[in-house]
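These notes are about the structure you will find just below.
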Amino acid sequence: MTKEELQEYLHIKREREQIAAMLHEMERAMAAPVTAKMTGMPRNPPGGKSRVEAFVERHTELLERYRAKIAELDEAQAKIEDAIETLDSIQRTLMRLRYIEGMKWEEICVALNYSWRQVHRTHAAALTKLK
């Protein structure tokens, strides 16, 4: 696990949250009642799909894509979590603060009550273990 792969965690997390929000909104929209206009005129082309059927089909396809993307992102997050789990306690804490919580180095120093130098030594040792 490289430093670059670890840095992807926050991007993966944000993308997953964004897609989950879109998925939730789409599911909510599908459950909302829709009223049809009653004009008395036939609306479906003979032998074809109605606009509603075509919309539902496209919508369902998009929902499936979003669910698949969320599963893919979950797998990437799990891979990073599994790698961090192999470290010792303080290294796991530091790596989670940095790469999963997105804290700055100064904030990590304060949170761990470690000097700047000690935090960076611990970080370097953790990266070496992950290779």
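Using DSSP to call loops (not H, G, I, E or B), can you name the trypsin sites (Lys or Arg not before Pro) in the range 60-128 whose Cβ has at most 15 other Cβ atoms within 10 angstrom? Before the final figure, lay out each step's value.
Values: sites: Arg65, Arg67, Lys69, Lys79, Arg92, Arg96, Arg98, Lys104, Arg117, Arg121; in loops: Lys104.
Here the sparse-neighbourhood loop sites are Lys104.
Round to a whole number: what % of the accessible area of the chain belongs to carbon and sulfur, probe 1.4 Å?
Numbers: 5110 of 9330 Å².
Here it works out to 55 percent.
So with the 1.4 Å probe, I'd like the accessible area per residue for the chain, rounded to whole Å².
Values: 9330 Å² over 131 residues.
Per residue, the chain has 71 Å² of solvent-accessible surface.
Can you tell me the Rg and Dmax of the chain, counting just the alpha carbons, in angstroms?
According to the Cα coordinates of the chain, Rg and Dmax are 23.8, 78 Å.
FRET efficiency for Glu81 and Glu53, Cβ-Cβ distance as r, R0 = 25 Å, nearest 0.05? Numbers along the way, then the final one.
Working: r = 42 Å, r/R0 = 1.68.
So, using R0 = 25 Å, E works out to roughly 0.05.
Counting Lys and Arg as +1 and Asp and Glu as -1, what is the net charge of the other residues whose Cβ lies under 14 Å from the Cβ of Leu130? Could you put the intermediate results ahead of the total?
Details: positive: Lys3, Lys79, Arg92, Arg96, Arg98, Lys129, Lys131; negative: Glu4, Glu5, Glu8, Glu81, Asp82, Glu85, Asp88.
Summing Lys and Arg as +1 and Asp and Glu as -1 gives 0.
Around Leu97, what is the net charge, scoring Lys/Arg as +1 and Asp/Glu as -1 over all other residues with Cβ under 12 Å from its Cβ? Display every interim value, and only then the final one.
Details: positive: Arg92, Arg96, Arg98, Lys104; negative: Glu101, Glu106, Glu107.
In short, +1.
Across the chain, how many lysine pairs, 8 or more positions apart or on different chains, have C-alpha atoms separated by under 16 Å? Please give the number.
So the count of such lysine pairs works out to 9.
Would you mind telling me which residue in Val119, Val110, Val52 has the biggest mean-square fluctuation in a Gaussian network model of the chain, where springs connect alpha carbons within a distance under 10 angstrom?
So, out of Val119, Val110, Val52, the one fluctuating most is Val52.
Pick from Leu97, Leu23, Leu112: which residue has the top mean-square fluctuation in a GNM of the chain where Cα pairs under 10 Å get a spring?
Leu112
Percent relative contact order of the chain, based on C-alpha pairs within less than 8 angstrom and at least six residues apart?
Numbers: 73 pairs, mean separation 50.3, N = 131.
So the answer I get is 38 percent.
With r as the distance between the Cβ atoms of Ile70 and Leu127 and R0 = 30 Å, compute the FRET efficiency 1/(1 + (r/R0)^6) and round to 0.05.
Numbers: r = 29 Å, r/R0 = 0.96.
The formula returns an efficiency of 0.55 here.
Over the chain, with a Gaussian network built from C-alpha contacts below 10 Å, which listed residue (Tyr114, Tyr66, Tyr99) shows the highest mean-square fluctuation?
Fluctuation is largest for Tyr114.
The values are calculated or read from the model by the stated rules, or taken from the named source; none is laboratory data. Not measured: the values here are computed from a predicted model. All Cβ positions, glycine included, derive from the backbone under ideal geometry; neighbour counts span all protein chains shown. When the accessible area is computed, the model is the full protein with side chains, heavy atoms only, and any ligands, DNA or RNA have been set aside. Shrake-Rupley method; radii C 1.70, N 1.55, O 1.52, S 1.80 Å.
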